[in-house]
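Below is one structure; the comments refer to it alone.
The values are calculated or read from the model by the stated rules, or taken from the named source; none is laboratory data. Only a predicted model underlies this, so the values are computations on that prediction, with no experimental measurement involved. We place every Cβ from the backbone using ideal geometry, glycine too, and count neighbours over all the protein chains shown.
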Amino acid sequence: MLENEANPTLSKSTGLPRKRFYRARAHSNPLSDSHFPIPISPHHVDYSLHYPQFFPSPDQTDSSKKIQFADIGCGFGGLLISLATLFPETLMIGMELRDKVTEYVKERILALRTANPGQYQNVSVVRTNSMKYIPNYFEKGQLSKMFFLFPDPHFKEKNHRRRVISRFLLDEYAYVLQVGAVIYTITDVEELGEWMKTCLKEHPMFEALTSQELEADPVVKLLSSATEEGQKVARNGGQTFRAVYRRIAPSL
Amino acid sequence: MEDTPMEFGESNKDTEIAPALIAVHPTQESVAAAVGPDLRIFDLRQNSAVSLKDDSSVGSLHKDSIRVVRYGANGKLLVSAGDDKLVKVWSTESWHCITTVCSEKRVSAVAISNDGLYVCFADKFGVVWIVDLDRPDGQVHVGKKAVPLLSHYCSIITSLEFSPDGKFILSADRDFKIRATVFPKNPLDGAHEIQSFCLGHTEFVSCLAFLWTEEYPQGFVVSGSGDSTVRLWDILSGSLLDACEVGEKAGLLGSNGREAECYSAVTDLCSNPDGSLVAVALQSFQGIILLKCNLSTQTLSLAKVVSIGGGTFIPTSLQMCSSTGLLWMVTGVSNLRGSECPSLARVRVISGVNKSNSDSDTREHQELEDNEIPGGTSLLKNLQGSLSYGEEVFLAAAEALKTAMSNLLVKKQYSTEKRDFRKRTRNDKKIKQRK
């Protein structure tokens, strides 16, 4: 694909896809039932499609390795790319609702895999509506990290129910996260930051990380620096609002 | 109003057709049937029709189609709810309406906790609400406010069930999912701990029933779906234990190649508690399918295919009374357009469904004659509204119901051109976007 000079969507110099061919609106309607395939259950997720080097054949007998990090609304994939080399043995996936953007991330990963043999084999992307189908992809307690970076604020009060962090959806996220796993959220919209923090605080299965724990976690710094959105906020001198919580067992 | 042409005979929301429903008191003290907004109850102890008393300010009785009617496990309560966005809880002693709860959206499913303390109802937006009932003291309470318990994001909830031990609440939706959630000590704070998801159906899940014995107190769940199967699940782990292709068994799987059609969805199912018999109603099938469930081998198998009423009875709702071993069924509809009788119902009963021996005799499952049914013709007259209808009307009703169910629960698959056309004619879409 890199050899094909006629393919303008890839940059000739880096081989990476050019963003301007994958432009999409920032907003996508999470309520619409788009036309993409959903795995019937987590057992139906095709690991050999996403991680061919780890799973050469579709019928994987070794199911000990499972996806552990999920970037919800991964956008153009900035965070995943940084995490991939930081945690080379961990399988991670990005979930994105927008078609074109998912295509961009796919191309980016493929290009990186080609340019860096042996690397980036642990990262992939899938186009899906994570607000409806998270339990279809992940088993109970499968994930150890979940990311919600700069989610759509849905400013109008009547649209608050479309927010990706809500007291109801946290039930599902708590289900797929193992006890001790961490959920990372960040936004540049203060009201949304308050909203997410309140939802997490009030949920019986999450507790806040202490400031020492935040300092010690290498991933926390990536939240504002690794993504295109985060870099834009930094460029504009904006403030970010973080809420990082740990999944705990519910008290009886 | 839409510019796009109406497809699949989409009907105006105000006069949507609704299937007739039936519910039986746990010890068969009374039988309730709902046809449209009419809630008809026959008291089998007094052998007379019940007149419901409702003094609430919200207005007596229901104003629009009732979509769910059920008795609580202890027999003291009956709840009815539906398109008028009201949930009414009735006392089965005094037949007074104990409380009326207002829902924001039309109600699609209801469950009463086994101890009779809580009523949960689900709306078409996927939220399950809970309201607590005070200790029953026969007094009328001012309309109570429900609080959200849990939610299936943007998915119509089709069925709600409490597990027999009261530890879990199950919710099934049109996105093929069944969710088992721990029912907490303080449910008014929400039910946040999900026990499992039972995933495996390939179409909307339409109904749920629990099976349990002393040997297996946590119980198992059977579910019916638009994919024409009945599946058996272990809710603790969410694993699929067995599946039975009832559509195929009834000889109904169409080879007509019309993909958009939802063929032979399971519309309702019920079981006797030990699971020895599961009765299944299918769209377009004039009778019921009886399945056997073996809890030790955790398998489902076909017990018998029973045709009913000389071949024109397609049940719209079923309920078993385990104490009497009777399977009560109703077929019927309200708001049937283009018909002289827009509202009709017929009740039928099959006996012998509490027998749990594996080799079922043909004479054991008997369809009862009208005069053999408890309550006899008085009950039939009350619940049906009339003693006889033309047969063809019921078949037309069944077809209309099938279309309505499909419109509601089956995701429409549009061709790419149609999808683009729909996007273009959306009135809220901005033409130009720059980022």
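Could you tell me whether A:Thr128 is buried (at least 21 other Cβ atoms within 10 Å of the Cβ), at pLDDT below 95 and more than 14 Å from chain B (Cβ to nearest Cβ)?
Numbers: buried (at least 21 other Cβ atoms within 10 Å of the Cβ): yes; at pLDDT below 95: yes; more than 14 Å from chain B (Cβ to nearest Cβ): no.
Taking the combined requirement at face value, the residue does not satisfy it.
For residues that are modelled with pLDDT under 95 and not in a loop (DSSP other than H, G, I, E, B), scanning just segment B:188-205, find the one that is nearest to the other protein chains (Cβ to nearest Cβ).
My answer is B:Asp189.
Could you please let me know if B:Ile178 is modelled with pLDDT of 90 or more, more than 9 Å from every other protein chain (Cβ to nearest Cβ) and in contact with a His (Cβ under 9 Å, 6 or more places away or on another chain)? Steps first, please.
Details: modelled with pLDDT of 90 or more: yes; more than 9 Å from every other protein chain (Cβ to nearest Cβ): yes; in contact with a His (Cβ under 9 Å, 6 or more places away or on another chain): yes.
Yes, satisfied.
Considering each residue of segment A:202-224, count those that are within 14 Å of chain B (Cβ to nearest Cβ) and part of a strand (DSSP E or B), and give that number.
Here is the first cut: in segment A:202-224, the ones within 14 Å of chain B (Cβ to nearest Cβ) are A:202-207.
Now restrict to residues that are part of a strand (DSSP E or B): A:206-207.
The qualifying residues number 2.
Just the residues that are out of contact with any Cys (no Cβ under 7 Å at 6 or more places or on another chain) and more than 10 Å from every other protein chain (Cβ to nearest Cβ), please, taken from segment B:159-173. Can you show your working first?
So the first thing to find is which residues in segment B:159-173 are out of contact with any Cys (no Cβ under 7 Å at 6 or more places or on another chain), and the list is B:161-168, B:170-173.
Within segment B:159-173, B:Glu161, B:Phe162, B:Ser163, B:Pro164, B:Asp165, B:Gly166, B:Lys167, B:Phe168, B:Leu170, B:Ser171, B:Ala172 meet the criteria.
Residue by residue, here is whether (1) farther than 26 Å from B:Asp54 by Cβ; (2) of a type in the set (S, T, N, Q); (3) touching a Lys or Arg at 6+ places or on another chain (Cβ under 6 Å) holds:
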| position | (1), (2), (3) |
| --- | --- |
| B:Asp134 | no, no, no |
| B:Lys144 | no, no, no |
| B:His152 | yes, no, no |
| B:Ser159 | yes, yes, no |
| B:Pro164 | yes, no, no |
| B:Ser171 | yes, yes, yes |
| B:Lys177 | yes, no, no |
| B:Gln195 | yes, yes, no |
| B:Phe204 | yes, no, yes |
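Are any of the residues in segment B:289-312 under 17 Å from the mean Cα position of the chain (by Cα) and part of a strand (DSSP E or B)?
We begin by selecting, within segment B:289-312, every residue under 17 Å from the mean Cα position of the chain (by Cα); these are B:289.
Checking the rest, the ones that are also part of a strand (DSSP E or B) come to B:289.
For segment B:289-312, residues under 17 Å from the mean Cα position of the chain (by Cα) and part of a strand (DSSP E or B): present.
This table checks each residue for (1) over 20 Å from B:Gly166 (Cβ atoms); (2) in contact with a strand residue (DSSP E or B) (Cβ under 9 Å, 6 or more places away or on another chain); (3) among the aromatic types (Phe, Trp, Tyr).
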residue	(1), (2), (3)
B:Asp189	no, yes, no
B:Phe197	yes, yes, yes
B:Ser206	yes, yes, no
B:Asp234	no, yes, no
B:Leu240	yes, yes, no
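Out of the residues in segment A:107-133 that are farther than 12 Å from A:Leu16 by Cβ and of a type in the set (Lys, Arg), state the one that is nearest to the chain's Cα centre (by Cα).
A:Arg127
Using the structure shown, decide if B:Thr312 is under 20 Å from B:Thr213 (Cα atoms) and not acidic (Asp, Glu). Show your work before the answer.
Values: under 20 Å from B:Thr213 (Cα atoms): no; not acidic (Asp, Glu): yes.
Taking the combined requirement at face value, the residue does not satisfy it.
Would you check if there is a residue in segment B:31-42 being under 18 Å from B:Ser159 (Cβ atoms), part of a strand (DSSP E or B) and basic (Lys, Arg)?
Scanning segment B:31-42 turns up no residue that is under 18 Å from B:Ser159 (Cβ atoms), part of a strand (DSSP E or B) and basic (Lys, Arg).
Considering only residues that are among the basic types (Lys, Arg) and part of a helix (DSSP H, G or I), look in segment A:149-201 and name the one that is nearest to the other protein chains (Cβ to nearest Cβ).
Only one residue tops the list, namely A:Arg167.
Within segment A:60-103, track down each residue that is part of a loop (DSSP other than H, G, I, E, B), free of Cβ contacts under 8 Å to residues at least 60 places away in the same chain and over 13 Å from the mean Cα position of the chain (by Cα).
Selection gives A:Gln60, A:Thr61, A:Asp62, A:Ser63, A:Ser64, A:Lys65, A:Phe87, A:Pro88, A:Glu89, A:Thr90.
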